[in-house]
Amino acid sequence: MALTPFSNDPLLNSLFRLSHIPDEFSTLFDAPTSRFVKDSHAMASTAVDVKETPEAFKFIADLPGLKKEEVRVQVEGKNLLTISGERSREVKDETEKYHRVERSTGKFLRRFRLPDNVEVDKIAASTENGVLTVTVPKFKPPEPKKPAVVDIPIN
């Protein structure tokens with residue numbers, strides 16, 4: 001069974017494309033809906049690489065600036081891996097004024113359907129330098145059984 005990404009939403013993809021219209025059009029998005037577009041961009045832009053080795057599946061996500069306490073890794077049911085969290089805005093200082101804000105903020109959520117051959121109770125997650133790695137071990141294949149050899153006496 002193949003791994004299936006679970007959050008490939010056409011609406012979010014369209015909103016993501018809209019949020020990248022050239023700067024001369026940026027004033028068109030000062031409407032109340034612009035926050036939803038920017039927040040959905042944060043959710044849609046959390047890239048995750050999925051790598052398979054003989055022993056495990058590895059999910060590798062770039063989460064710069066997030067502490068491990070701000071990220072949640074869960075398995076829902078028996079086979080739905082969920083990586084979620086929230087990128088918060090810095091506390092505003094009233095004496096400072098931003099001229100441009102390009103870093104994504106908001107909640108993010110990625111889901112992956114796991115195959116049946118994984119050991120859910122042995123999943124491990126770690127972070128290093130803003131990169132989250134979730135390792136999902138596979139069941140070890142059973143040792144091939146040697147055919148039983150029975151000597152038959154000859155009368």
Identify all residues within segment 77-93 that are of a type in the set (Asp, Glu) and without any contact (Cβ under 8 Å) to a residue 12 or more places away in the chain; write none if there are none. GLU90, ASP93
Among the residues of segment 109-152 satisfying the criterion of being at negative phi and either touching a Gly at 6+ places or on another chain (Cβ under 8 Å) or aromatic (Phe, Trp, Tyr) (or both), which is surrounded by the fewest Cβ atoms within 10 Å (Cβ to Cβ)? PHE139
Taking segment 50-84 as the search range and keeping residues that are out of contact with any Gly (no Cβ under 6 Å at 6 or more places or on another chain) and of a type in the set (Asp, Glu), which one is farthest from ASN117 (Cα to Cα)? GLU69
Got a sec? Which of VAL48, VAL75, VAL101 is at pLDDT 60 or above, under 20 Å from ASP121 (Cα atoms) and of a type in the set (Val, Ile, Thr)? VAL75
Being part of a helix (DSSP H, G or I), over 22 Å from PRO64 (Cα atoms) and not basic (Lys, Arg), is that true of even one residue in segment 112-122? yes
Which members of segment 117-155 meet the condition of being modelled with pLDDT of 90 or more, farther than 17 Å from ASP49 by Cβ and of a type in the set (D, E, K, R)? GLU119, ASP121, LYS122, LYS138
Residues of segment 126-155 satisfying the condition of being within 16 Å of the chain's Cα centre (by Cα), among the polar types (S, T, N, Q) and part of a loop (DSSP other than H, G, I, E, B): none
Just one of the numbered conditions (1) modelled with pLDDT under 90; (2) surrounded by fewer than 16 Cβ atoms within 10 Å (Cβ to Cβ) is not true of HIS41; which one? (2)
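The values are calculated or read from the model by the stated rules, or taken from the named source; none is laboratory data. Only a predicted model underlies this, so the values are computations on that prediction, with no experimental measurement involved. Cβ atoms come from the backbone with ideal geometry, glycine included; neighbour counts cover every protein chain shown.
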